[in-house]
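Shown next, in structure tokens, is the structure this report addresses.
The values are calculated or read from the model by the stated rules, or taken from the named source; none is laboratory data. Quick caveat, the model's predicted, so the values are computed rather than measured. Note that each Cβ is placed from the backbone with ideal geometry, even for glycine, and that neighbours are counted across all protein chains shown.
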Amino acid sequence: MNLRISLTFVLILTTVIMSAQINNTAEIVVLQINENGNYPNNPKLPVLLYKNVFKFEGSNTAEVVEKAFAKNNWGGSWRNGIYNFQHYHSTAHEALGVYNGWAEVQLGGPGNKPVKIEKGDLVVLPAGTAHKRIKSGSNFAVVGAYPDGQNWDMNYGKDSEFIKSKSNIAKVRLPQNDPVYGKKGGMFKFWK
């Protein structure tokens with residue numbers, strides 16, 4: 001019986017700590033990105049940039065992001081940076097939670113103005129959105145994840161990828177949950 005009470009207490013405490021590290025009033029910046037040459041981007045869904053959504057209260061900042069994603073069924077997570085070449089995923093949406101440093105990221109392919117992301121921010125890329133790190137600092141690092149068991153592919157803006165990628169993008173389903181706020185998250189005001 002004492003073990004059950006202890007485990008229940010740990011679960012409740014973990015839930016309270018997790019919710020305390022999410023900013024429930026984070027600004028969501030909406031970026032609609034059009035097709036750009038061989039980069040299809042997403043004709044229906046905008047990129048979402050959640051400013052300062054993660055409030056880090058300890059040294060293991062990556063774990064805060066990973067737990068928020070896992071709680072909302074965004075899995076297949078990894079820790080790293082963002083590639084310094086244009087690429088996109090036609091078979092999955094992607095969430096990138098910044099847990100360290102800052103970067104300027106070009107979204108949508110060549111010629112687009114870079115967007116600055118920094119520790120505490122979250123970028124949600126709909127399937128098809130090209131992205132590339134232009135520059136970064138302060139040991140820039142993100143946790144990446146994908147919703148509902150979606151498997152990602154890699155595309156580089158080649159002519160031979162374009163038609164199949166557009167077909168794939170059209171088939172990618174909406175996530176069941178916002179990556180940090182769950183079923184009733186801000187994502188669903190913009191992704192329908």
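Before moving on, here are some points about what is shown:
- Counted residues, region 52-82 - those being of a type in the set (D, E), over 12 Å from the mean Cα position of the chain (by Cα) and at pLDDT 95 or above: 1
- One residue stands out among those in region 97-126 that are among the charged types (D, E, K, R) and in a strand (DSSP E or B): the one that is farthest from H87 (Cα to Cα), which is E118.
- Residue count for region 34-50, restricted to those that are part of a loop (DSSP other than H, G, I, E, B) and buried (at least 23 other Cβ atoms within 10 Å of the Cβ): 4
- T91 fulfils the conditions (1) touching a residue at least 60 places away in the same chain (Cβ under 8 Å); (2) surrounded by 20 or more Cβ atoms within 10 Å (Cβ to Cβ); (3) hydroxyl-bearing (S, T, Y) except for a single criterion, (2).
- Per-region count, region 141-178, residues of a type in the set (D, E), buried (at least 19 other Cβ atoms within 10 Å of the Cβ) and within 18 Å of G76 (Cβ to Cβ): 1
- Exactly one residue among G101, G137, G144, G186 is within 25 Å of A26 (Cα to Cα) and in contact with a Lys or Arg (Cβ under 7 Å, 6 or more places away or on another chain), and that residue is G101.
- Residue in region 83-98 that is at pLDDT below 95 and closer than 17 Å to P179 by Cα present: no
- G108 vs. criteria in contact with a helix residue (DSSP H, G or I) (Cβ under 7 Å, 6 or more places away or on another chain) and under 18 Å from N41 (Cα atoms): no
- Residues in region 51-68 that are assigned to a loop (DSSP other than H, G, I, E, B), touching a helix residue (DSSP H, G or I) at 6+ places or on another chain (Cβ under 8 Å) and surrounded by 15 or more Cβ atoms within 10 Å (Cβ to Cβ): F56 only.
- Single match in L49, L31 (criterion: at pLDDT 85 or above, more than 14 Å from V98 (Cα to Cα) and not acidic (D, E)): L31
- Looking only at region 127-175, residues that are assigned to a loop (DSSP other than H, G, I, E, B) and either at pLDDT below 95 or not aromatic (F, W, Y) (or both) come to 16 in all.
- Per-region count, region 111-136, residues closer than 30 Å to I163 by Cβ and in contact with a Gly (Cβ under 7 Å, 6 or more places away or on another chain): 3
- Yes/no for Y83 being part of a strand (DSSP E or B), among the aromatic types (F, W, Y) and over 16 Å from L48 (Cα atoms): no
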